[in-house]
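As structure tokens, the structure follows; a few thoughts come after it.
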Amino acid sequence: MGSTMEPPGGAYLHLGAVTSPVGTARVLQLAFGCTTFSLVAHRGGFGGVQGTFCMAAWGFCFAFSVLVVACEFTRLHSCLRLSWGNFTAAFAMLATLLCATAAVIYPLYFTRLECPPEPAGCMVASCQRSTLESPKEGLMTVMELLPRHPTQ
């Protein structure tokens, strides 16, 4: 028989949610999103409508990525009354478009040819992170749309 500490439906935490290829891509998505958002907010500089849009896009994608990873890791998605596969695929497509747009807009408006001493490094680094994030979002879209094989 099982121990009394083990829940009847199995373990509560699903480690496969972060160790699978899709889970690894989601963790990378969180790391890149947080880094980009933090660099721009801290020293990169943003202003006006364009900067606000970029920050909103990165913040939205990061927040929903945290939600998706948390629901997958704790298996809370089984309690929701929606198609989880379709939701994550639609979110991955939306995040791809948002991050690709922000990756184009931010460098156009906020990088300069002449380099001021300190914030320029953060601007360049945030542009590079954002550019890395867009193809990864596209990869997430493809991975979400691939048929899943049940593993047991």
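The values are calculated or read from the model by the stated rules, or taken from the named source; none is laboratory data. Bear in mind that the values here come from a model prediction, so they are computed numbers and not experimental data. Please note that ligands, DNA and RNA were not included when accessible areas were found on the heavy atoms of the full protein model with its side chains. Shrake-Rupley method; radii C 1.70, N 1.55, O 1.52, S 1.80 Å.
Per-residue Karplus couplings for segment 93-106, computed as 6.51 cos²θ - 1.76 cosθ + 1.60 with θ equal to phi - 60°, are listed in order as 5, 5, 5, 4, 5, 5, 5, 5, 5, 5, 5, 8, 5, 4 Hz, Gly and Pro entered as x. Ordered by solvent-accessible area of protein heavy atoms (1.4 Å probe), largest first, the residues 36, 111 come out as 111, 36.
Residue 83 exposes around 60 Å² of accessible area when a 1.4 Å probe is run over every protein chain in place.
The average projected area of segment 14-104, computed from the convex hull of its Cα atoms over all directions, is 6.2 nm². Multiplying each eigenvalue of the alpha-carbon gyration tensor of segment 42-90 by 5 and taking the square root yields semi-axes of 30, 12, 6 Å, largest first, rounded to whole angstroms. Between residue 14 and residue 80, residue separation times 0.36 nm minus the direct Cα-Cα distance comes to 22.1 nm. With the other protein chains left in place, how much accessible area per residue, in square angstrom, belongs to segment 33-91 at a 1.4 angstrom probe? Per residue, segment 33-91 has an accessible area of 52 Å². Full extension of the chain segment joining residue 108 with residue 52 gains 18.8 nm, where the gain is 0.36 nm per residue of separation less the Cα-Cα distance.
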